[in-house]
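Reviewing the structure listed below.
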Amino acid sequence: MSKSYFMTPEERMRKKARDKKLLYFSLILMTAVLSTAVTFLANQL
């Protein structure tokens, strides 16, 4: 097994925390984009 795949427990925890923050950020961003699109489409009617 090569060194590039080996992660210490601390690195793994940091990556998991970063992935969780990224997930929450993307959910908020998608909600904002979706609400903007719905508002725009509703105003077109």
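Please treat every number below as a calculation from the coordinates, not as lab data. All values derive from a computational prediction rather than experimental measurement. Cβ sites come from the backbone with ideal geometry, for glycine too, and all protein chains shown count toward neighbours.
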To two decimal places, what compactness ratio does the chain give when its Cα radius of gyration is scaled by 2.2 N^0.38 Å? 2.01
So what is the 222 nm mean residue ellipticity for the chain from helices alone, if each DSSP H run of at least 4 adds -39500 (n - 2.57) and you divide by all residues, rounding to the nearest 500 deg cm²/dmol? -29500 deg cm²/dmol
With +1 on each Lys and Arg Cβ and -1 on each Asp and Glu Cβ, and nothing else charged, work out how big the dipole of the chain is about its Cα centre, in Debye to the nearest 20. 280
What's the extension gain from A17 to M30 if we count 0.36 nm per residue and subtract their Cα-Cα distance? 2.7 nm
